[in-house]
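The values are calculated or read from the model by the stated rules, or taken from the named source; none is laboratory data. Since the model is a prediction, treat every value here as computed from it, not as a measurement. Cβ placement follows ideal geometry from the backbone for every residue including glycine, while neighbour counts extend to all protein chains displayed.
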Amino acid sequence: MQQGSYHSYKELDKKFNLGKFKITSKKIYLEAGVDFLSYPLKRPAGCQEILKKELIGYLRNEISNNHYPSRREIENKFRVKIGELFGDIEGLYAKVGSKYVKKNNQRIKEEKAKLLTNAVLKILSSKLGLTLLVLRDVNQQGIDIIAEDHEGKRVGIEIKAFNKFESIKKKNLDQIKVFISKENLNKIIIITTASRISKNINLPKNVNVFLYRDLCRLFSKDIIEQLDYVRNYSIHIETLDKENKRKEIIQFVKSETAKHHKISVNSIDNHFKIDFYTYFKNFYEVIEKAGIEPDFTMIRGITDEDKRNIEKEFLIGKILKFIESETKKGYYPTGEDIGENFGIKHIWNYIRMSDLYKRLNLPPYLEREHRIRRLKQCNRFPRI
């Protein structure tokens, strides 16, 4: 073991006749003080309880260093099945007395992407023979880099700052196919810190993948150290970054609304250079947190049907009061009037005008319009 050599039960039995003495390889390796979590061979039978204790100890140590490993990271690293040992990843964290951080830390994720992007830019011309045309920010949509080769062909470069246990998957290639068409690209290069491509994936002829081993041949030692950080440092870190950003967004929405500025997911994305849905489930959530009265466009984002109907009825109630007030003045508002007063393009997407008037026991708008036409005709052509 000190020389890095581990022997299977079959090998040990052949040399020492273990079966005759009813000695198991589990007992031998326990006596030798082996760490079954890092055991490189097929583990002896009956190791589950030992593995559980060792996993709990490992996780407790990682959390003390502010690292919250994901299920995939633990399973790939130690060749275990979390589900079989603890039911799920939350069960393992509960044993340690901690909470699993499901959401990725966006700041660290962006930092990793920028590190890899900057590294690629340093070798774009010298090693890849390409000229930069377009460089997108990590939060912008579209392929990360568009370049031109010596033949004048457009080459797209997609940056994937992955953990060492991740792989290039089918969904990544599906994304690439969209880019080829949308960006009018002749070729695409995927540059990633991952070590492998998932099985049963056939790469198109115009798509090349540079894995970590390829990058080690392209970059200098100091750049490789940065890439090792990208590969090894988890984005599952519990920090205050996300909560602080949520507070900033809420304050921004309050401020813009007070100025009567139109606010939307896009305007928030553009102002903060972020992906809104990293911080909130939907637009309604931020409106609710900001204490702002929602309009019809906002209630579309409410996933709870009962809650959505309550908000909808509240807004309809405001429209009914408006109609009631106007009719008392002798004017019957149209759909366009309501749209102008409540910022709704098409009120009939939410409720029919006839239903609004019926709720007030007033003649439906179309029915009134028909009667007015009839009266005009009668006045124009009086009966003899």
Original post:
Among Glu31, Glu90, which is closer than 30 Å to Thr193 by Cβ and of a type in the set (Asp, Glu)?
Top reply: Glu90
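For every residue, the table says whether it meets (1) without any contact (Cβ under 8 Å) to a residue 60 or more places away in the chain; (2) under 17 Å from Leu227 (Cα atoms); (3) surrounded by 14 or more Cβ atoms within 10 Å (Cβ to Cβ).
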site: Leu92; (1), (2), (3): yes, no, yes
site: Glu110; (1), (2), (3): yes, yes, yes
site: Ala113; (1), (2), (3): yes, yes, yes
site: Leu116; (1), (2), (3): no, yes, yes
site: Val120; (1), (2), (3): no, yes, yes
site: Gln141; (1), (2), (3): yes, no, no
site: Asp144; (1), (2), (3): yes, no, yes
site: Ala147; (1), (2), (3): yes, no, yes
**OP:** Considering each of Lys81, Lys20, Lys95 in turn, give the residue that is at negative phi and over 28 Å from the mean Cα position of the chain (by Cα).
**Re:** Lys20
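Yes or no, residue by residue, for (1) surrounded by 13 or more Cβ atoms within 10 Å (Cβ to Cβ); (2) over 26 Å from Ile292 (Cβ atoms); (3) touching a Pro at 6+ places or on another chain (Cβ under 9 Å); (4) outside the structural domain of Tyr284 (by TED's automatic domain parsing):
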position: Ile316; (1), (2), (3), (4): yes, no, no, yes
position: Phe322; (1), (2), (3), (4): yes, no, yes, yes
position: Tyr332; (1), (2), (3), (4): yes, yes, yes, yes
position: Gly339; (1), (2), (3), (4): yes, no, no, yes
position: His346; (1), (2), (3), (4): no, no, no, yes
position: Met353; (1), (2), (3), (4): yes, yes, yes, yes
position: Pro363; (1), (2), (3), (4): yes, yes, no, yes
Original post:
Quick one: would you say Asn184 is over 23 Å from Tyr212 (Cα atoms), assigned to a loop (DSSP other than H, G, I, E, B) and touching a residue at least 40 places away in the same chain (Cβ under 8 Å)?
Top reply: no
Original post:
Take the residues of the range 11-22 that are at pLDDT below 85 and under 19 Å from Lys42 (Cα atoms): which is surrounded by the fewest Cβ atoms within 10 Å (Cβ to Cβ)?
Top reply: Gly19
Subject >> Close pairs from the range 253-280: first within 18 Å of Ile292 (Cα to Cα), partner in a helix (DSSP H, G or I) and hydroxyl-bearing (Ser, Thr, Tyr), Cβ under 7 Å, at least 6 apart >> reply: Ile263/Thr257
Original post:
How many residues does the range 187-203 hold that are outside any strand (DSSP E or B) and either touching a residue at least 40 places away in the same chain (Cβ under 8 Å) or farther than 23 Å from Lys109 by Cβ (or both)?
Top reply: 6
Original post:
Pairs under 9 Å by beta carbon, first residue farther than 25 Å from Asn232 by Cβ and in the same structural domain as Ile188 (by TED's automatic domain parsing) in the range 151-170, partner crowded, with 21+ Cβ neighbours inside 10 Å and of a type in the set (D, E, K, R), six or more apart or different chains?
Top reply: Gly156/Asp144
**OP:** Return the residue satisfying two criteria in turn: it lies in the range 222-278 and is among the small types (Gly, Ala, Ser) and at pLDDT below 80, and of such residues it is surrounded by the most Cβ atoms within 10 Å (Cβ to Cβ).
**Re:** Ser234
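Would you list the helices (runs of 4 or more DSSP H) that sit entirely within the range 323-384 and hold 1 or more residues that are closer than 20 Å to Glu311 by Cβ and at pLDDT 75 or above? Reasoning before the result, please.
Working: elements: 335-342, 353-359, 365-380.
Filter on the range 323-384 gives 335-342, 353-359.
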